[in-house]
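None of the figures in this text is laboratory data; all of them are computed from the coordinates on show. The structure presented is a predicted model; accordingly, all values stated were derived computationally and were not measured. With ideal geometry, Cβ positions are generated from the backbone for all residues, glycine too; neighbour counts draw on all protein chains shown.
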Amino acid sequence: MGPARSPSLSERTTTFLSAAQRHLGEELCFAGPIPLECVLPPHFNDPGLVSAKDGRKFVMRLARPNLKNGEDGRVCRELVNLAFFEQGGSYALRSPVEQWRFHDRCRQARLAVPAMVYADANGSLVEFIDGTNVSILLARQRSTGPMHRYLDDIRVNQRAGLILGDRHCCNAIEDRDGRIWQIDADVRIEGPCTRELEICQAIFYSLHALGGSEEGIDVALEFLATAHADYAMRYVKRFLAAFRSFKGSAAYADGKYAAVVPCISRILDRFPTPRKETPRLRR
Ligand SMILES: Nc1ncnc2c1ncn2[C@@H]1O[C@H](COP(=O)(O)OP(=O)(O)O)[C@@H](O)[C@H]1O
Ligand SMILES: [Mg+2]
């Protein structure tokens, strides 16, 4: 007998959706994978669109059976930079059920995180947010409005005491009213400087989506100038510097982040002194 065959995507979809249907007592219909166009290509959760009889739309995110805590090279190299490890930081994947609890906590704190309606070991079902992910918005429009709102939203989450973990801007959606929703909490980061790491991730990936623009540098500098009360700036500097030497893992195009490296250097050269935070007008 050979090794056990892992279930196919369609088998995993059927198993997960039958359990979700039983839990919700409602008939669900799978409408196919979400058409994704994103600056970072791989999608680890195989997101698919699901509709209920009453017209409600959900996103099914299937847990990859082969993705185990600590074995995901992408998480390690792309998101959690070496300087974070040096400070005693660590990461792990949240199981779908842990994500369900975490989404509930975020929503109790009135944060814009989609409602999770079901999860088990195979995946999770979340409310569909009608909008566009921030990575695509930045790459398409080359306008910095979403970057402002994205950084501000992360700070709001952190002030409520919640650390989402992986702040790649594919993991946030801006809806039609300009509201940012944080949709993906599958990576948990732990350590003394998780806020600082998150904000550095957000700055790094926003600049990448923007193609390394001058305006993006200004947004980052403006944000940091008003953020001295929220972040230990010596760690922000350390983590940004560590992202600068990050070249991308073998799975990605070589030199993919080349445009971001000089932006990070510029931010570090012009690192701002504290300024009072002023309420931002929606732009
Ligand atoms: N609840 C949701 N509502 C709308 N779109 C979503 C939702 N969840 C995910 N998506 C879309 O799918 C993309 C990838 O989803 P995500 O769950 O973060 O998968 P992965 O982390 O595996 O890449 C997101 O960038 C977004 O465009
Ligand atoms: Mg994601």
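For Q141 and S6 in the same chain, what is the full-extension length gain: residue separation times 0.36 nm, less their Cα-Cα distance, in nm? Kindly include the intermediate steps, with their values, before the conclusion.
Working: separation 135, 0.36 × 135 = 48.60 nm, distance 4.07 nm.
Here the segment from Q141 to S6 would lengthen by 44.5 nm.
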Between E27 and E214, what is the label-to-label distance in nm when each label sits 7 Å out along the Cα-to-Cβ direction?
-> 5.9 nm
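Per 0.36 nm of contour for each residue apart, how much would the distance between D269 and A92 grow if the chain were fully extended, relative to their Cα-Cα spacing?
On the way: separation 177, 0.36 × 177 = 63.72 nm, distance 3.30 nm.
Net length gain for the segment: 60.4 nm.
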Report the net charge of residues surrounding R155, where surrounding means a beta-carbon distance below 9 angstrom and charges are Lys +1, Arg +1, Asp -1, Glu -1.
-> -1
Rounded FRET efficiency, nearest 0.05, which uses the C-beta distance separating D175 from Q108 and R0 of 25 Å | 0.75
Simple spin-label model, 7 Å along Cα-to-Cβ: T14 to E190 in nm?
-> 3.9 nm
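Using +1 on the beta carbon of Lys and Arg, -1 on that of Asp and Glu, and nothing else charged, what's the dipole of the stretch 73-205 about the Cα centre, debye to 20?
On the way: 17 positive and 18 negative charges, 50 e Å.
Here the stretch 73-205 has a charge dipole of around 240 debye.
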According to a simple spin-label model (label point 7 Å from Cα along Cα-to-Cβ), what is the distance in nm between I34 and E277?
-> 2.8 nm
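Counting Lys and Arg as +1 and Asp and Glu as -1, what is the net charge of the other residues whose Cβ lies under 12 Å from the Cβ of R101?
Numbers: positive: R94, R105, R107, R188; negative: E98, D104.
After counting each charged neighbour, the total is +2.
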